1. Can you say whether PRO119 is in the same structural domain as LYS56 (by TED's automatic domain parsing), surrounded by fewer than 24 Cβ atoms within 10 Å (Cβ to Cβ) and within 13 Å of ALA22 (Cβ to Cβ), as far as the supplied structure shows?
2. What residue, among those in the range 49-85 that are of a type in the set (S, T, N, Q) and crowded, with 16+ Cβ neighbours inside 10 Å, is farthest from ALA16 (Cα to Cα)?
3. Considering only residues that are in a loop (DSSP other than H, G, I, E, B), touching a residue at least 12 places away in the same chain (Cβ under 8 Å) and of a type outside the set (D, E, K, R), which ones fall in the range 78-119?
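The values are calculated or read from the model by the stated rules, or taken from the named source; none is laboratory data. If you're wondering where the values come from, they're calculated on a predicted model, not measured in any experiment. Cβ placement follows ideal geometry from the backbone for every residue including glycine, while neighbour counts extend to all protein chains displayed.
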Amino acid sequence: MALNLSQKQEVVAELAEVAAKAHSLIAAEYAGTTVSQMTAMRKQARESGVYLRVVKNTLAARAVEGTEYECTKDSLVGPLLYAFSTEEPGAAGRLIKEFAKSNDKLQPKVVAVGGQLYPASHVDVLASLPTRDQALAMLARVLAEPAAMFARAVKAVADKQGGGDQAASVEAEAPAETA
């Protein structure tokens, strides 16, 4: 179905808004993907915070102008599916990688993060990024480690000095009990 000018402007505005806030972009060839596969992918995308859309490349190129994804304009060739990670940088990578395993027709072509264009093989790198919860857990462990090291050091010093102090405290308590 052909879009009229106002519909095209709405699509460009919507994509531009998403691109301005997105953490990463993956454009993938999807020709040959079945309707049921696309439906499943769209459902998974909604659940994982990925904006998934098939649009004409000319509209996508206009939408990314002025955003950090402008670097992708010259690479937008052929029928492409656009996946923008809106919540976590690796979400789109995980989605495309997961669905490409069971569908050889889905081929990543463009990967962009932070204003940098990367080859399609970087989908694996993007997919391996930790989720927000995983990153917070790693940060908590890193922040807790100095306190744990300090506690172990204090305990080691106390244990080292504790042998003499315990004997002195036992001797000090003993006369008090007999008195």
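1. Working: in the same structural domain as LYS56 (by TED's automatic domain parsing): yes; surrounded by fewer than 24 Cβ atoms within 10 Å (Cβ to Cβ): yes; within 13 Å of ALA22 (Cβ to Cβ): no.
Answer is no for this residue.
2. Filtering the range 49-85 for residues of a type in the set (S, T, N, Q) gives 57-58, 67, 72, 75, 85.
Still in the list and also crowded, with 16+ Cβ neighbours inside 10 Å: 57, 67, 72, 75, 85.
Values: ASN57: 13, THR67: 8, THR72: 13, SER75: 17, SER85: 14 Å.
Looking at residues that are of a type in the set (S, T, N, Q) and crowded, with 16+ Cβ neighbours inside 10 Å, I get SER75.
3. Residues of the range 78-119 that are in a loop (DSSP other than H, G, I, E, B), as a first pass: 78-79, 86-90, 103-106, 114-115, 119.
Next, only the ones that are touching a residue at least 12 places away in the same chain (Cβ under 8 Å) stay: 78-79, 86-90, 103, 105-106, 114-115.
Correct list: GLY78, PRO79, THR86, PRO89, GLY90, ASN103, LEU106, GLY114, GLY115.
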